[in-house]
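One structure below.
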Amino acid sequence: WAPGCGHINFPEIIKTLQQINYGGAISAEILPEPSPEESVRLTIEYYKKLGL
């Protein structure tokens, strides 16, 4: 599942990373379903909603 589509509380993770002033990279594992292209699109869309 793309970020935001599963059970992981990404907003809380991002909040915690901001609280500790994390400045490193954040990445996502892109899975082959629904398709790699759709997974990338969904991930980028969700990251933008999180302010990343």
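Picking from Ile13, Ile30, Ile44, which residue would you name as being in a loop (DSSP other than H, G, I, E, B) and out of contact with any Lys or Arg (no Cβ under 7 Å at 6 or more places or on another chain)?
Ile30
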Cβ contacts < 6 Å: first residue among the β-branched types (Val, Ile, Thr), restricted to region 6-35; second residue outside any loop (DSSP other than H, G, I, E, B) and surrounded by 10 or more Cβ atoms within 10 Å (Cβ to Cβ), any location; separation 6+ or different chain. Result?
Ile30/Pro36; Ile30/Ser39; Ile30/Val40
For Ile26, only one of the following conditions fails: (1) loosely packed, with under 14 Cβ neighbours inside 10 Å; (2) out of contact with any Leu (no Cβ under 8 Å at 6 or more places or on another chain). What is its number?
(2)
With the structure loaded, tell me whether Glu38 is assigned to a helix (DSSP H, G or I) and either of a type in the set (Asp, Glu) or in contact with a helix residue (DSSP H, G or I) (Cβ under 8 Å, 6 or more places away or on another chain) (or both) or whether it fails that test.
yes
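Since every read-out is calculated from the coordinates, none of them should be taken as a lab result. All values derive from a computational prediction rather than experimental measurement. Backbone-built Cβ (ideal geometry, glycine too); neighbour counts: all protein chains shown.
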